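Engineer: I have a structure here, written as structure tokens, and I will follow up with some questions on it.
The values are calculated or read from the model by the stated rules, or taken from the named source; none is laboratory data. This structure is a prediction, so every number in the text was calculated from the model and none was measured. Here the Cβ positions follow ideal geometry from the backbone for every residue, glycine too, while neighbour counts run over all protein chains shown. For accessibility, only protein heavy atoms count, side chains too; no ligands or nucleic acids. Shrake-Rupley method; radii C 1.70, N 1.55, O 1.52, S 1.80 Å.
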Amino acid sequence: MGTPQNAGMYVKSLLHGIKTNFLVDTGATLSVLSRKVYDSLIIKTELYHTDQVIFSAGGTTLNVLGKTLINIEIGDVTYRYTQDVIIADLLIV
């Protein structure tokens, strides 16, 4: 696990072969992936329509592109994430 300068617990992993850092948020009610990361995937999973509305920590509404299923590799283990992953425009620093 790595810890960037800002607070939070991050896990280094591969998402469809792309190196990523996931923020582990045990209190989250859904999983969100940034459009920037989704667009960088060589193998894209199909996006499905969703009416899900999500808000940033500051209370603004995020632009949701859709939902999908993803494969996450952590170490030697590959997980098929079977819950919806929301793809949204996120401010990534």
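Engineer: Taking a ≥ b ≥ c as the square roots of the eigenvalues of the Cα gyration tensor of the chain, is the shape rounded (a/c under 1.5), prolate (a/b larger than b/c) or oblate?
Structural biologist: Working: a/c = 1.64, a/b = 1.11, b/c = 1.47.
Oblate.
Engineer: Further question on the same structure: Provide the percentage of antiparallel DSSP beta bridges, counting only those with both residues in the chain; round to the nearest 5. Mind showing how you got there, number by number?
Structural biologist: Working: 21 of 25 bridges.
If we restrict to bridges inside the chain, about 85 percent are antiparallel.
Engineer: Okay, moving on. Treat every Asp and Glu Cβ in the chain as -1 and every Lys and Arg Cβ as +1, leave all other atoms uncharged, and give the resulting dipole magnitude about the Cα centre to the nearest 20 debye.
Structural biologist: Working: 7 positive and 8 negative charges, 36 e Å.
Once rounded to the nearest 20, the dipole reads 180 debye.
Engineer: May I pose another question? Run the helix sum for the chain: -39,500 (n - 2.57) per DSSP H stretch of 4+ residues, divided by residue count, reported at 222 nm to the nearest 500 deg cm²/dmol.
Structural biologist: Values: 1 runs with 6 residues, N = 93.
Calculated at 222 nm, the ellipticity per residue is -1500 deg cm²/dmol.
Engineer: While we're looking at this one, here's another question. I'd like the carbon and sulfur percentage of the solvent accessible area for the chain, probe radius 1.4 Å, heavy atoms only, ligands and nucleic acids excluded.
Structural biologist: Values: 3650 of 6690 Å².
Carbon-and-sulfur percentage of accessible area, whole number: 55.
Engineer: State in Å² the accessible area per residue of the range 9-93; use a 1.4 Å probe, count heavy atoms of protein chains only, and round to the nearest integer.
Structural biologist: The answer is 70 Å² per residue.
Engineer: Also, quick follow-up: Which of rounded, prolate or oblate describes the range 8-60 when judged by the alpha-carbon gyration tensor and an a/c cut-off of 1.5?
Structural biologist: Details: a/c = 2.15, a/b = 1.17, b/c = 1.84.
Because a/c hits 1.5 or more and a/b fails to exceed b/c, the range 8-60 counts as oblate.
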